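First comes the structure, then the notes that go with it.
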Amino acid sequence: MATDLPTRPRPAAPEAALPPSNTDGKARRAHRRPGFRREQLSGWGMIAPAALLLLTFIFIPAILGFGLAFTNARLISPRPVEFVGLDNFARLFSDPTFYRALLNVAYFTVVIVPVQSGLALVMALLINKKFRGVNFFRTVYFLPVVTSMVVVSLLWLFMYRKDGLINEILSAVSFGLIDGPDWLGDPNTAMPAIIILSIWQAAGFHMIIWLAGLQGISGELYEASQLDGTSRWQQFRYVTWPGLFHTRSLVLVTITIQALGLFDQISVMTQGGPMDSTTTIIYEAVQSGYRQQETSYASAISLVFFVLVLIVSAVQRHLTREKD
Amino acid sequence: MKNQLLLKSAGTMLVRILFAVVAAFPIVFMLVSSLKPDQQIFGDMSSLAAFLPVGNISFDNYAAVFDRVPAARFLLNSVGVSAVTVILGIFVNSLCAFALSRMQVRGKKIVFTAILATLIVPFQTLALPLVWWVNQLPYFELNGFSLEFSKGWLDTYQVQIIPFIANAFSIYLFHQYFESIPKELDEAARIDGAGWFKIYRQVVMPLSGPATATVAILTFLPAWNSYLWPLMVVQSEELRPVMIGIQYFFQLNVSWGEVMAYASLITVRWWSSSSPSSVHSSTASPPAA
């Protein structure tokens, strides 16, 4: 019954995937289990929805983005889309705001990656071992992560005012000596302010990744090192740190990619200002693609961003591989 | 010696508390301020009262939020969009992972590799071409008895849902989990005459609670928090999700008490649907290395 069903075309099934075959077709069929064809059909039927969705909403836009970057496409336009070569890129690379955006993102990433991963590791170490109240601390450390970045940005926007909570705390702690700046209004402090709140929000997430890595280190290793009479620092240096090898590269890559894509905080808090001191690549892309409806120019920025992400993660992979 | 150890552990506890204070104080400040009138928020700022629900406490700000913005509508939209995304996401991704993990489908290795390859593309790079693309896509709706075709998905519910159903990371998580369930169960079910879909639905999925919970949270979180995408594709007020609602608070005179009330509202709503314990169990599974 099942073998009478017509075979559907299977785009991705290469001939090589067939079971090792004789030249005789009948003998080959004998290798197949009963219900083979049925399994193929149901299998592809089950894969199809997800595969088609990924094709439509990831593969096609990715290819489109690549193509649109070389055209003059606009979001809504009566004119047909025309090929314009490298015009968008020429315009992009002669735009001083774009260089400023690159610089800002580099600044943000270079600070965020070591500080956030370091603090996250400290937090993970603080709550790694069981003690009374461990769940309370885990929950509190995780609270900022389950608070949306938009809400966090809104909240810190309020706290960063000249007469806001941050400056009041600074003043109280220093007995009135520190008169805090207008954090987001000053080009010198706007980016550091955004860095602080970003670390505050996301460190808990990477804490969880570190924690998973820490729990994977065998307790016997710690016992053995204790018998050898190692100090706490030596234990960290020679047992914990090498044991976190895989976790380390995971944390590094996720923080970097997240940092390079900085957008939400900027959009809510500063809109790229003051004086372009907080504008970012994605913020520029959204500005041109959405506000000015220049899909092609935005695609060119996105393409540059993608290449940047690829290069940075390739370099990181290379570096983390070389060391150990 | 013993004293020294005690001192050390007390020191560690102090550091723990310090981190907890830093993590919690802005959130406490937000929740407390949402209960106070603006004047008092600024008045309390220079003392510990900023973190305590003292003085003139009321839910006035919350009432005002519902006057100023269609908050109920936004909440409803976000709940609906997130719930549909989560339910369809669990179904579509687990179905795909089931076939990839437990069936002898030809070409599945290539498909799985292609699916995992999508993980290297950050959403931000896709977002702008995707806006253009969804505006070209056809859609049909039933209008009475006639099927009507329209072009362009901008300003709809489906544009907030359908692109986010299939997810490579969810497929990967399900796949890893399914691999740990003994395949002998499938064979036993097949001998009893069960079809593949029945095995999926009645054997494998009932055993995959933890994976399902993880995927549910990992799908819900970005769906509820989404900001960049709805900002670009949804213009009509009645279709907007909660995060876009914040824009309403910066027109004319800003009332920070109301802003804090709205922020608390959309945050607490989401906390209540993902208790910390489920967050811990979800993250207990080893991450993709």
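The values are calculated or read from the model by the stated rules, or taken from the named source; none is laboratory data. Note that the structure is predicted; figures quoted are calculated from it, not measured. Cβ sites come from the backbone with ideal geometry, for glycine too, and all protein chains shown count toward neighbours.
Scanning segment A:120-137 for residues that are crowded, with 19+ Cβ neighbours inside 10 Å, in contact (Cβ under 8 Å) with a residue 24 or more places away in the chain and not small (G, A, S) turns up A:L121, A:M123, A:I127. For segment A:282-301, a residue qualifies if it is at the interface with chain B (Cβ under 10 Å from one of its Cβ atoms) and acidic (D, E), and exactly one does: A:E294.
Checking each residue in segment A:292-324 for being over 18 Å from A:V113 (Cβ atoms) and modelled with pLDDT under 80 picks out only A:D324. Candidates are the residues of segment A:198-221 that are facing another protein chain (nearest Cβ under 10 Å) and of a type in the set (G, A, S); the one that is nearest to A:R248 (Cα to Cα) is A:G213. Residues that are at pLDDT 90 or above and part of a loop (DSSP other than H, G, I, E, B) within segment A:108-163 comprise A:P144, A:Y160, listed in sequence order.
Can you spot a residue in segment A:302-322 that is closer than 24 Å to B:A127 by Cα, at the interface with chain B (Cβ under 9 Å from one of its Cβ atoms), crowded, with 22+ Cβ neighbours inside 10 Å and in contact with an Asp or Glu (Cβ under 9 Å, 6 or more places away or on another chain)? Steps first, please.
Quick first cut of segment A:302-322, residues closer than 24 Å to B:A127 by Cα only: A:302-314.
Subset that is at the interface with chain B (Cβ under 9 Å from one of its Cβ atoms): A:302-303, A:305-306, A:309-310, A:313.
Those still in the list that are crowded, with 22+ Cβ neighbours inside 10 Å too: A:302-303, A:305.
Those left that are additionally in contact with an Asp or Glu (Cβ under 9 Å, 6 or more places away or on another chain): none.
Scanning segment A:302-322 turns up no residue that is closer than 24 Å to B:A127 by Cα, at the interface with chain B (Cβ under 9 Å from one of its Cβ atoms), crowded, with 22+ Cβ neighbours inside 10 Å and in contact with an Asp or Glu (Cβ under 9 Å, 6 or more places away or on another chain).
Take the residues of segment B:87-120 that are crowded, with 24+ Cβ neighbours inside 10 Å and of a type in the set (S, T, N, Q): which is farthest from the other protein chains (Cβ to nearest Cβ)? Only one residue fits best here, namely B:S94.
Among residues of segment A:178-192 that are assigned by TED's automatic domain parsing to the domain that holds A:T278, those with a Cβ under 7 angstrom from a residue that is among the aromatic types (F, W, Y) and not in a loop (DSSP other than H, G, I, E, B), sequence gap 6+ or separate chain, pair up as A:M191/A:Y107; A:M191/A:F108. Condition first: part of a loop (DSSP other than H, G, I, E, B) and either in contact with a strand residue (DSSP E or B) (Cβ under 9 Å, 6 or more places away or on another chain) or among the charged types (D, E, K, R) (or both). Now tell me which residues in segment A:165-184 satisfy that. Matches in segment A:165-184: A:D179, A:D182. Residues of segment B:41-72 that are free of Cβ contacts under 8 Å to residues at least 40 places away in the same chain, touching a Phe, Trp or Tyr at 6+ places or on another chain (Cβ under 7 Å) and crowded, with 16+ Cβ neighbours inside 10 Å: B:A50, B:F51. When B:V32 is tested against (1) over 30 Å from B:S236 (Cα atoms); (2) touching a Pro at 6+ places or on another chain (Cβ under 6 Å); (3) away from chain A (no Cβ under 14 Å), only condition (3) is not met. Considering every residue within segment A:159-175, establish whether at least one is crowded, with 19+ Cβ neighbours inside 10 Å, within 25 Å of the chain's Cα centre (by Cα) and not β-branched (V, I, T). Taking every residue of segment A:159-175 in turn, none turns out to be crowded, with 19+ Cβ neighbours inside 10 Å, within 25 Å of the chain's Cα centre (by Cα) and not β-branched (V, I, T). Checked against the criteria, B:A166 does not count as surrounded by 13 or more Cβ atoms within 10 Å (Cβ to Cβ) and more than 21 Å from B:V92 (Cα to Cα).
The condition of being closer than 25 Å to A:L75 by Cα and either over 24 Å from the mean Cα position of the chain (by Cα) or away from chain B (no Cβ under 13 Å) (or both) holds for only one of A:T230, A:T279, that being A:T279. Considering only residues in segment B:134-163 that are within 8 Å of another protein chain (Cβ to nearest Cβ) and under 30 Å from B:P210 (Cβ atoms), the one that is surrounded by the most Cβ atoms within 10 Å (Cβ to Cβ) turns out to be B:P163.
Taking residues in segment A:77-94 that are on the phi > 0 side of the Ramachandran plot, and partners anywhere that are surrounded by 15 or more Cβ atoms within 10 Å (Cβ to Cβ) and among the acidic types (D, E), not one pair has Cβ atoms closer than 9 Å while being at least 6 places apart or on different chains.
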